[in-house]
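Please read the structure below before turning to the comments.
The values are calculated or read from the model by the stated rules, or taken from the named source; none is laboratory data. All values derive from a computational prediction rather than experimental measurement. Neighbour counts run over all protein chains shown; Cβ positions are idealised from the backbone, glycine included. To get the accessible areas, we keep the full protein, side chains included, count just its heavy atoms, and leave off ligands, DNA and RNA. Shrake-Rupley method; radii C 1.70, N 1.55, O 1.52, S 1.80 Å.
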Amino acid sequence: MKKSLLILLLVTFSTTVAQDHKINWLSIEEVEVLQQKEPRKVLMDVYTTWCGPCKMMMRNTFTNKDVINYVNNNFYAVKFDAESGEDVTFKGTSYKNPSYNPNARRKSPHQFAQALGINSYPTIIYMDEEMNIIAPIKGYQTPGQIELYLRLFAENIYKEVESQEAFQKYQSNFKPTFQ
């Protein structure tokens with residue numbers, strides 16, 4: 001009986017810890033408020049519900065413990081469905097999806113996604129502390145691949161990378177540590 005109870009408690013504890021260990025996804029409006037108190041860089045995952053690589057990234061990359069820790073410690077993270085029917089307000093401008101049809105498999109693009117210049121999914125948009133876009137990075141990324149960009153932007157290395165050649169040098173010398 002005691003052994004069964006101990007096993008049940010251990011399983012419950014490890015399941016709870018695993019569920020609590022995730023990226024703290026916020027809305028863009030929540031981030032704007034938080035930026036007033038504690039400015040941080042922003043990572044925005046722009047995805048769609050039908051996008052296979054988006055689902056893979058959520059399953060394989062955004063559940064990686066190293067990615068989770070680095071993102072939560074260095075960024076505000078936003079998850080934005082580029083075909084959502086939800087209204088969004090960003091920097092005082094309201095964006096909608098006036099052609100949104102909840103029954104369509106592929107829905108119309110949201111005005112906010114269009115304003116950000118998003119035309120493929122997934123796209124990770126990195127923003128500075130004033131929520132100005134630094135760079136959009138398109139496509140699926142493994143934990144090791146996203147680490148390159150997370151460090152590039154969080155550690156302000158991008159400010160020193162002033163050419164394609166400089167980025168290629170940074171990229172070729174980069175040694176990922178995320179497992």
Item to complete: Output yes when any residue across segment 53-73 is open to solvent by less than 20 Å² (accessible area, probe 1.4 Å), β-branched (Val, Ile, Thr) and in a loop (DSSP other than H, G, I, E, B), and no when none is.
Response: no
Item to complete: Name every residue in segment 88-112 that is within 24 Å of Asn132 (Cβ to Cβ) and charged (D, E, K, R), in order of residue number.
Response: Lys91, Lys96
Worksheet entry | Residues of segment 159-179 satisfying the condition of being of a type outside the set (Lys, Arg), open to solvent by 50 Å² or more (accessible area, probe 1.4 Å) and not in a loop (DSSP other than H, G, I, E, B) | Gln164, Glu165, Gln168, Gln171, Ser172, Asn173
Practice prompt. Any residue in segment 143-158 that's modelled with pLDDT of 95 or more: show its pairings with residues that are charged (D, E, K, R) and open to solvent by less than 20 Å² (accessible area, probe 1.4 Å) at Cβ separation under 7 Å, as long as the two are six or more apart or on different chains.
Written response: Phe153/Lys41; Ala154/Lys41
Worksheet entry | segment 21-48, residues that are over 10 Å from Met131 (Cβ atoms), open to solvent by less than 20 Å² (accessible area, probe 1.4 Å) and outside any loop (DSSP other than H, G, I, E, B) | Leu43, Asp45, Val46
Worksheet item: Can you list the strands (runs of 3 or more DSSP E) found entirely within segment 87-157 that contain at least 3 residues being of a type outside the set (S, T, N, Q) and open to solvent by less than 60 Å² (accessible area, probe 1.4 Å)?
Response: 123-127, 133-138
